[in-house]
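J.: Below is a structure I'd like to ask you about.
The values are calculated or read from the model by the stated rules, or taken from the named source; none is laboratory data. It should be emphasised that the depicted structure is a prediction, and the values quoted were computed from it without experimental measurement. With ideal geometry, Cβ positions are generated from the backbone for all residues, glycine too; neighbour counts draw on all protein chains shown.
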Amino acid sequence: MQKRRRTKIIATLGPASSSEKQLLEILDAGVDIIRVNFSHGEPEQHRLLIERARACAKKQFKEIGIIADLQGPKIRIQRFATSPVTLVAGASFTLDTALGEDVGDATTVGVTYPSLPQDVGAGDVLLLDDGLIEMQVEQVEGTRIHCRVTVGGSLKNNKGINRRGGGLSAGALTDKDRADLVIAVQCDVDYIAISFVASAADVVEAKQLIAKAGGHQGVIAKIERADALNVIDDIIRESDGVMVARGDLAIEIGQVEVPGVQKNLINLARALDRPVITATQMMESMVTSPIPTRAEVSDVANAVLDGTDAVMLSAETAVGNHPPKVVSMMAEICVASERYPGQRQARARVKTEFHRIDESIAMATMYLANHLPIQGIVALTESGSTPLWMSRISSGIPIYGLSRHQRTQRRMTLYRGVYPVFFDPTLLERREVNSAAIKECVNLGILRSDDTVIITKGNNMGHAAGTNGLKIVNVGELELI
């Protein structure tokens, strides 16, 4: 049986990874999913980039997932007459939503978000430039927020503003995001990531906009607001996946709280049958360095040990000096972490009562796979739901999701331990399906003649929610199948 990395790798595209040569290199190094950051660039650039990524994946005979990541309501200061300015601890500083765009100085600056004075009050702590500069609100007067600098530093134009503890009322989707969402649907991406989600209603709105645009994309909720943690179960249930976006989340809840929240989010997402992505600065030093720090290695490894479906690279592949090298290194860390014995211990839901036959089959399959000498699982699927449920149970056994739908194959690229394979059972007689599925896996080199595998499929092939049976077979005894 071919051993494969189970944890998926997401790479953000940018100037360092956008050419055909660069794309082929990072895909060859192990990228499973491409992230296109809609915070930068124009729609036509995004279209070309997505088309190029698909073409490169086709050259390598693989399916990749593509995530369109929407910018969200980034609250920023305006610009200074002369940038940067230096803020000194103890000095007064005013944020003014009515101030002009280019007239800020060392005492005051404009703000892009008109509702900020209504969202903050005396005693609140505001954090600028990813938390590098800190100030406390002393008084709100009309459009002016009078603050006292508590942590000073150099402040440049257009830097972001966060409120410690959350509470800003900006919606998750801006007008720009709604327009970009339509572009993403037209580009036939697989997932659309929504930034600064505060409630399940934000996810519902995104789904409605996707449907209105004629799309079927999955929605990934980026967890980066403190407010979201209060209603996290509802958000996860409404989403098709979640991302632990540790940058803004760390600013709102404090850096020391992030590791515990990350672990909880991974556990909760798995328990609620949703894939989860761990993101932000995982290998940040490799933007310039050819090797990661030991702390970064531990960060990636711990996310894998906690059960994350995917680990994500941002600046490391978008603007870094070593995109293929950083992908290869991340892949090595994932494989090494997956060898840890605890990663193969079954955590079957023995006390769970199931209400769907297909989910019951998925759980029964994983119980058998973890208690018999099984080398692989061959799951024939229409929607990808059965492989997703299987992937929620810890196991070292590969799950091959065989589907005739390209959309389903691409969706499954995000699921931990699931590997998409094209296979159309509707072209065969029912009695031929098992044999043909096994033969396809053998031809691809992912199964061997001495392997014992579990096959799951539905009697009513070609219909979703149809998985209702499993069979244990030996690959070398096709005549018995």
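J.: Output the helices (runs of 4 or more DSSP H) that fall wholly within region 190-255 and possess 3 or more residues being out of contact with any helix residue (DSSP H, G or I) (no Cβ under 7 Å at 6 or more places or on another chain) and closer than 18 Å to Arg274 by Cα, or say none.
T.: 200-212
J.: Sticking with this structure for a sec: Would you please list the contacts, defined by Cβ atoms under 7 Å and residues six or more apart or on different chains, that run from a residue in region 357-382 that is in contact (Cβ under 8 Å) with a residue 60 or more places away in the chain to a residue that is among the charged types (D, E, K, R)?
T.: The qualifying pairs are Gln375/Asp451; Gly376/Asp451; Leu380/Lys457.
J.: May I pose another question? Considering only region 49-63, state which residues are more than 14 Å from Pro15 (Cβ to Cβ) and either of a type in the set (Gly, Ala, Ser) or out of contact with any helix residue (DSSP H, G or I) (no Cβ under 6 Å at 6 or more places or on another chain) (or both). Working first, answer last.
T.: First pass over region 49-63, keeping only residues more than 14 Å from Pro15 (Cβ to Cβ): 50-51, 53-63.
Result: Ile50, Glu51, Ala53, Arg54, Ala55, Ala57, Lys58, Lys59, Phe61, Lys62.
J.: Go through (1) at pLDDT below 95; (2) crowded, with 17+ Cβ neighbours inside 10 Å one by one and return the number of the condition Glu432 breaks.
T.: (2)
J.: Just give me the residues in region 185-197 being touching a Gly at 6+ places or on another chain (Cβ under 8 Å) and among the hydrophobic types (A, V, I, L, M, F, W, C), in sequence order.
T.: Hits for region 185-197 are Val185, Ile192, Ile194, Phe196.
J.: Can you name every one of the helices (runs of 4 or more DSSP H) wholly within region 280-378 that holds 2 or more residues which are modelled with pLDDT under 95?
T.: Because the criterion is at least 2 residues that are modelled with pLDDT under 95, the helices (runs of 4 or more DSSP H) in region 280-378 that meet it are 357-369.
J.: Still on this model: Pairs needed: first member in region 103-115, in a strand (DSSP E or B); second member anywhere, surrounded by fewer than 20 Cβ atoms within 10 Å (Cβ to Cβ) and not polar (S, T, N, Q); C-beta distance under 7 Å; at least 6 residues apart or different chains.
T.: The qualifying pairs are Gly104/Arg79; Gly104/Ala81; Thr108/Leu99; Val109/Leu99; Gly110/Leu99; Gly110/Gly100; Gly110/Glu101.
J.: Looking only at residues that are in contact with a strand residue (DSSP E or B) (Cβ under 9 Å, 6 or more places away or on another chain) and polar (S, T, N, Q) in region 111-137, which one is nearest to Ser169 (Cα to Cα)?
T.: So, considering only residues that are in contact with a strand residue (DSSP E or B) (Cβ under 9 Å, 6 or more places away or on another chain) and polar (S, T, N, Q), the one nearest to Ser169 (Cα to Cα) is Gln118.
J.: While we're looking at this one, here's another question. Tell me whether region 130-141 contains one or more residues that are in contact (Cβ under 8 Å) with a residue 60 or more places away in the chain, hydrophobic (A, V, I, L, M, F, W, C), buried (at least 19 other Cβ atoms within 10 Å of the Cβ) and outside the structural domain of Arg225 (by TED's automatic domain parsing). Break it down stepwise before answering.
T.: At the first step, the residues of region 130-141 found to be in contact (Cβ under 8 Å) with a residue 60 or more places away in the chain are 130-131.
Right, trim to hydrophobic (A, V, I, L, M, F, W, C) and you get none.
For region 130-141, residues in contact (Cβ under 8 Å) with a residue 60 or more places away in the chain, hydrophobic (A, V, I, L, M, F, W, C), buried (at least 19 other Cβ atoms within 10 Å of the Cβ) and outside the structural domain of Arg225 (by TED's automatic domain parsing): absent.
J.: Still on this model: Are any residues in region 32-60 more than 25 Å from Arg178 (Cβ to Cβ) and either assigned to a helix (DSSP H, G or I) or touching a Ser or Thr at 6+ places or on another chain (Cβ under 8 Å) (or both), and if so, which ones?
T.: Asp32, Arg52, Ala55, Cys56, Ala57, Lys58, Lys59, listed by residue number.
J.: Same structure, new question: Going by the conditions given, is Asp175 among the acidic types (Asp, Glu) and touching a residue at least 24 places away in the same chain (Cβ under 8 Å)?
T.: Details: among the acidic types (Asp, Glu): yes; touching a residue at least 24 places away in the same chain (Cβ under 8 Å): no.
The answer is no for Asp175.
J.: Just give me the residues in region 1-31 being assigned to a loop (DSSP other than H, G, I, E, B) and out of contact with any Leu (no Cβ under 9 Å at 6 or more places or on another chain), in sequence order.
T.: Lys3, Arg4, Arg5, Arg6, Thr7, Gly14, Pro15, Ala16, Ser19, Gly30
J.: Looking at the structure I just gave you, is Gly65 free of Cβ contacts under 8 Å to residues at least 12 places away in the same chain, assigned by TED's automatic domain parsing to the domain that holds Ile183 and more than 30 Å from Gln139 (Cβ to Cβ)?
T.: For Gly65, the condition - free of Cβ contacts under 8 Å to residues at least 12 places away in the same chain, assigned by TED's automatic domain parsing to the domain that holds Ile183 and more than 30 Å from Gln139 (Cβ to Cβ) - is not met.
J.: Looking at (1) closer than 17 Å to Arg5 by Cα; (2) crowded, with 24+ Cβ neighbours inside 10 Å, which is the only condition Gly396 fails?
T.: Going through (1) closer than 17 Å to Arg5 by Cα; (2) crowded, with 24+ Cβ neighbours inside 10 Å one by one, Gly396 breaks only (2).
J.: Report, by residue number, each residue of region 208-226 that is surrounded by 17 or more Cβ atoms within 10 Å (Cβ to Cβ) and over 21 Å from Gln406 (Cβ atoms).
T.: Result: Leu209, Ala221, Lys222, Ile223, Glu224, Arg225, Ala226.
J.: One residue is enough: does region 113-120 have a residue meeting the conditions small (Gly, Ala, Ser), at pLDDT below 95 and under 16 Å from Leu87 (Cα atoms)?
T.: Within region 113-120, not a single residue is small (Gly, Ala, Ser), at pLDDT below 95 and under 16 Å from Leu87 (Cα atoms).
J.: Consider Lys8 carefully, then state whether it is of a type outside the set (Phe, Trp, Tyr) and under 30 Å from Ser394 (Cα atoms).
T.: Yes; evaluated as a whole, the condition is true for this residue.
J.: Out of the residues in region 195-209 that are in contact with a strand residue (DSSP E or B) (Cβ under 6 Å, 6 or more places away or on another chain) and among the hydrophobic types (A, V, I, L, M, F, W, C), which is farthest from Ala245 (Cα to Cα)?
T.: It comes out as Ala206.
J.: Give me the pairs: first residue in region 420-445 and closer than 20 Å to Ile377 by Cβ and touching a residue at least 40 places away in the same chain (Cβ under 8 Å), second residue crowded, with 16+ Cβ neighbours inside 10 Å and among the hydroxyl-bearing types (Ser, Thr, Tyr), beta-carbon distance under 7 Å, and six or more apart or on different chains, which are they?
T.: Close Cβ pairs (under 7 Å, with a partner that is crowded, with 16+ Cβ neighbours inside 10 Å and among the hydroxyl-bearing types (Ser, Thr, Tyr)) amount to Pro420/Ser403; Pro420/Thr413; Phe423/Ser403; Cys441/Tyr400.
J.: Starting from residues that are more than 18 Å from Trp389 (Cα to Cα) and of a type in the set (S, T, N, Q), keep the ones in region 235-270 and report whichever is modelled with the lowest pLDDT.
T.: Among those residues, the one meeting the criterion is Gln255.
J.: Please verify whether region 153-173 includes one or more residues that are buried (at least 20 other Cβ atoms within 10 Å of the Cβ), in contact with a Ser or Thr (Cβ under 9 Å, 6 or more places away or on another chain), under 22 Å from Tyr113 (Cβ atoms) and of a type in the set (S, T, N, Q).
T.: Scanning region 153-173 turns up no residue that is buried (at least 20 other Cβ atoms within 10 Å of the Cβ), in contact with a Ser or Thr (Cβ under 9 Å, 6 or more places away or on another chain), under 22 Å from Tyr113 (Cβ atoms) and of a type in the set (S, T, N, Q).
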